[in-house]
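Derivation of every value follows stated rules applied to the coordinates shown; laboratory data play no part. The structure displayed is predicted, hence computed values, not measured ones. Neighbour counts are summed over all protein chains in view; Cβ atoms, including those assigned to glycine, are modelled from backbone coordinates with ideal geometry.
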C-alpha cells in the first residue's frame, strides 16, 4: 500500500512578514478554485531573490499560526525554517512529493515572471502544477511564457490540471491581490492603523513583541 496521500495538496510559500489578509485570501481562493481539502502555507527562511527579512523566523511563524488558527484546511508547515540555508522551492517540493501524490504550487504573477531565475526551476514543473494568481498592476511576461513552453502547459480548468500528474499551468482571473507586506511594514513603523490589512490577533502579537518599530 502506498504511503502517499492521494488527495492533491496546494502549496503557498512566502516570507509572510507579516502575514496579511491578502495571503489568507490567496490560500482560500486556491482551495476553492481547485476544490481541494488542504493547503500548506510555508514561511521562507532565507530567500534567494529577496532581501533577508528583518523579522526573525519564529515571529513570522507565530503570526502565521495565529492568522490560520480558525482555518482548518490551512496548515502551516515550518519545513523551510528547519533548514539553516537558502530556501529553494525545488527542495521543498521535492520533500513534499515524497508524501503527496500531486502538488499545486500557488504563486502570484510577479513571482511567476521571475521563475526562470529560480534555482533548478525546470524541475519545479516536474514536481508540481502552477496556479498563478493575478497581481494588481502586473502582467504576464512573454519571455517567461516562452521559457515554460506555455503552449503545451496551459490549461483552463482545475479538472484539466488535476487530470495530469504535474507540469500544467493555470492563470486565474477573479482574484484581486493588491496588498504588499512592504507597505504594511511601513504603516506599522509609522504607527498607522492596519486593522483592515491584518488579523486582529496578528496586530496584537506585533504590539506585544514590539515588531516593526524604528
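Numbers for the structure displayed
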{"item": "Fewest-first sequence of 89, 94, 189, 68 by Cβ atoms within 10 Å of each Cβ", "result": "189, 94, 68, 89"}
{"item": "FRET efficiency, residue 189 to residue 138 (Cβ-Cβ, R0 22 Å, nearest 0.05)", "result": "0.30"}
{"item": "Contact order normalised by residue count of the stretch 111-204, Cα under 8 Å, 6+ apart, percent", "result": "31 percent"}
{"item": "Residues residue 54 and residue 151, FRET efficiency given R0 of 30 Å [Cβ-Cβ distance, rounded to 0.05]", "result": "0.10"}
{"item": "Residues 60, 153 arranged by fewest to most Cβ contacts within 10 Å", "result": "153, 60"}
{"item": "Fewest-first ranking of 44, 172, using other Cβ atoms within 10 Å as the exposure measure", "result": "172, 44"}
{"item": "Point-to-point label distance, residue 70-residue 207, nm (Cα→Cβ direction, 7 Å offset)", "result": "1.7 nm"}
{"item": "Taking the chain and dividing mean pair separation by its residue count, relative contact order in percent (alpha carbons under 8 Å, at least six apart)", "result": "23 percent"}
{"item": "Euclidean distance between Cα centres, the stretch 154-214 to the stretch 29-76, Å", "result": "9 Å"}
{"item": "Inter-label distance for residue 46 and residue 62, nm, one decimal - labels placed 7 Å from Cα along Cα-to-Cβ", "result": "2.4 nm"}
